[in-house]
Structures are given as C-alpha cells and as structure tokens.
1. Consider G220 carefully, then state whether it is part of a loop (DSSP other than H, G, I, E, B), within 18 Å of T325 (Cβ to Cβ) and modelled with pLDDT under 95.
2. Check region 163-185 and report whether any residue there is charged (D, E, K, R) and within 20 Å of the chain's Cα centre (by Cα).
3. Tally time: how many residues in region 95-115 are open to solvent by less than 10 Å² (accessible area, probe 1.4 Å) and among the aliphatic types (A, V, I, L, M)?
4. Can you tell me which condition R20 does not meet? The list is (1) more than 31 Å from the chain's Cα centre (by Cα); (2) modelled with pLDDT of 75 or more; (3) within 17 Å of F112 (Cα to Cα), and all the others hold.
5. How many residues does region 276-309 contain that are in a loop (DSSP other than H, G, I, E, B) and of a type in the set (V, I, T)?
6. How do the pairs read when you match residues in region 314-331 that are farther than 15 Å from N160 by Cα with residues anywhere that are aliphatic (A, V, I, L, M), using Cβ under 6 Å and keeping only pairs 6 or more apart or on different chains?
7. Does region 174-190 contain any residue that is among the aliphatic types (A, V, I, L, M), in a helix (DSSP H, G or I) and under 20 Å from F125 (Cβ atoms)?
8. Considering only residues that are assigned to a strand (DSSP E or B) and surrounded by fewer than 18 Cβ atoms within 10 Å (Cβ to Cβ), which ones fall in region 70-94?
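The values are calculated or read from the model by the stated rules, or taken from the named source; none is laboratory data. Owing to the predicted nature of the structure, the values given are computational and were not obtained by experimental measurement. Positions of Cβ are generated from backbone atoms using ideal geometry, with glycine treated the same way; all protein chains shown enter the neighbour counts. Surface accessibility is based on the protein's heavy atoms, side chains included, excluding ligands, DNA and RNA. Shrake-Rupley method; radii C 1.70, N 1.55, O 1.52, S 1.80 Å.
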Amino acid sequence: MPNIREVAKHSQVSIATVSRVLNGSENVSPETRKKVLKAVKELNYRPAFSFKEKNSTLLNTIGVLIPDIRGYHYSDIVMAIDEYAYSKGFNVMLALPKWEVDIEQQVLDQYFRRKVDGVILGELFGGGELIRRFVKSGVPIVVVDFVVEEINFDIVNVDNVAGGYLGAKYLYEHGHRKILFIPGPEMSPAAIDRERGIRRFLNRVSPKQDVEVFFADSRGYNSEDGWNGVKDHLKSKGLNFTAIFAVNDWTALGAIDALKDEGVRLPEDVSIVGFDDAPFAQYTNPRLTTIIQPRLEMGRVATQLLIERISEKNQGLPRNVILPTKIVERESVRDIRKT
C-alpha cells in the first residue's frame, strides 16, 4: 500500500501539503490541490483515519446523511442505497440528523475523520460550508431528493414540477373545475415545486377561465395538516370544490378523514388525488389515485453515480438527473364529465 511520503514525492510537494489537501484546508493553491489529488488517485492511496483506534482503516464506505427514516419516503431511498452499495462491495454509514444543523455538523465531522469514500446527502440545512472540506479534499458527493443552488456535484431528483402539473391536469381532464389544493411546508423545495407545477397548469388553461384552485391555509406533510386544511376551508368557504389535490398521501389521508367527518362522500361528492404512492394508498377507502414518486430508483441512481465517481469511471461534469413521475389511477377520482 502506498503511503503519504510516496504521494508527496509523486506530486513533488511536501508531506505537510499533502496532509492539508486531504484535510480540506483552504491554505493550498488550486494547482497544487489538483496535483496532489491526481497523485492520490494514480497511486490509489487510502489514508488511515484516527478515531481512538490505531491502525484502523475504513475501506469502501459511503456516508449517508438523511433527515430521518420515519414513514416510507426516506426509508425506501435508504434501502435502495444500501442494496446497491452492498452489491458493489461498499458499506454504508447512515446518520439521521433530524433537521438539526448541529447534528449535521457532528456527523459530517465524523465522516470526514473516518475518510469515507463518498457521501450521499438527503438534506443539508446547515448550508454548503459543512461540506466544503469534502469538496476541497476530492471526496465525491451526490445530492438526492433536494435542491441545491449551484450544481457542483451529481444530483438526483424527482420532477416535482411535472408531478404537480400532472395532478392538476388529471383532475381537469376528469371535469373538475373547482379544486382545493393542500400545500406542503414552505421550507420544502419539493412542496414548492409541486405548487409551481399547479400554477403552471393554471397559466396554461387561464384563457378558458373555467378552472379555479383554492389553496388551503394549513401547510404540511402530515395527516393533521390535510385534516385541518379541509376542516378550515369547509368552515370558512363551504363545499365549493369538487376535488382535492394533496401535496402527499399523508395529507390526503387526513383530508379523506375530514370529509367523512362532514358526511361528504368520496368520490361521489369530492374526488381526491395524492402524491407519492405510499404503501397504504391502495388500501384507503376509496383506494387513492396518486402520483408515483420513484423512491427506490432515486436511491439506486444516487448510489450508482457516487460509486462511478469513486471508482473513476466518470470524472466529467456534474450530472443533474431528474426522474419522471406518473399517475396511478385508482377509485378516488370520479369523472364528472359523464354526469
């Protein structure tokens, strides 16, 4: 196995300079950094990490940072990451910061000290500074299921804008002209993109002036948000809609509950569309029509891109992969054109 002295000799710099590069230090010129990282790759140098144990190395390991794995969304993504990584001989270190910036910092510090081969980020509320050291030291990063301002690394996302557009269009094509939309949290890029897709569809049909979307006051991804959104709207505006488009299937579940509480029949009086295709969507009453979000594919593709970077099969420009959505038709939408 090559050592740090050989890397220094190969790149014609000092051992201290190699160490600064590998630790993500700012005090290195871009030319020198590039030269050292090239030597590291050519020699296949694998630095040992120090974590209270001596002579410990952690080979073929991916660090994964996901907010949490409650529910089905992130857990499906993580399962796909783990399965694909295992098939390629990689281990997975999983951390769940639960949207806490301090915990993100601690996790990424540990990943960096342990010299993981690459990192998959499922969220990063602490901002780009938290991963600056990884970028500077040449550790590849793939972003999955969230939006970043600048594309400096590979990104895998779902086309949430198209999904929002598709849901609104589906209801419109089934005769619905008064639609209640239950939006997601304002801090969620996915929720904002789904709302953007609905507004894009409204702009397309606006010359007809025969469709209206009401936006519920309650925002969120949970069942209570759907329940509150419907209850509040019925109390203030009455039943002035024939369909509901919920930002995800959990809110759709709460909306269904609220409608039944008020004696509203589904889908005879009100139709409903969700988003995600949750495991329970086919067991609701009526069974839920929803937009499929390809969670397993997101995890597999993100891991594939990262391993390609690690193994040097792809050293080109960053890739921005947008996976398509599609609708699953079940019984929760009634075609009112036939009435």
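1. Details: part of a loop (DSSP other than H, G, I, E, B): yes; within 18 Å of T325 (Cβ to Cβ): no; modelled with pLDDT under 95: yes.
Spelling it out, it is not the case that G220 is part of a loop (DSSP other than H, G, I, E, B), within 18 Å of T325 (Cβ to Cβ) and modelled with pLDDT under 95.
2. Residues of region 163-185 charged (D, E, K, R): 169, 173, 177-178.
Keeping just the survivors that are within 20 Å of the chain's Cα centre (by Cα) gives none.
The answer is no, given that none of the residues of region 163-185 is charged (D, E, K, R) and within 20 Å of the chain's Cα centre (by Cα).
3. Step one: filter region 95-115 for residues open to solvent by less than 10 Å² (accessible area, probe 1.4 Å), giving 97, 104, 108, 111.
Still in the running and among the aliphatic types (A, V, I, L, M): 108.
Adding up the residues that qualify gives 1.
4. Failed condition: (2).
5. Let us first name the residues in region 276-309 that are in a loop (DSSP other than H, G, I, E, B), namely 277-280, 284-288, 293-294.
This time we only want the ones that are of a type in the set (V, I, T), so: 284.
The qualifying residues number 1.
6. P318/I151; V328/I292; R330/L288
7. Step one: list which residues in region 174-190 are among the aliphatic types (A, V, I, L, M), which gives 179-180, 182, 187, 190.
Now restrict to residues that are in a helix (DSSP H, G or I): 190.
If we keep only those that are under 20 Å from F125 (Cβ atoms) as well, we get 190.
Within region 174-190 (the criterion being among the aliphatic types (A, V, I, L, M), in a helix (DSSP H, G or I) and under 20 Å from F125 (Cβ atoms)), the answer is yes, since at least one residue qualifies.
8. In the first step, residues of region 70-94 are kept if they are assigned to a strand (DSSP E or B); the result is 91-94.
Correct list: N91, M93, L94.
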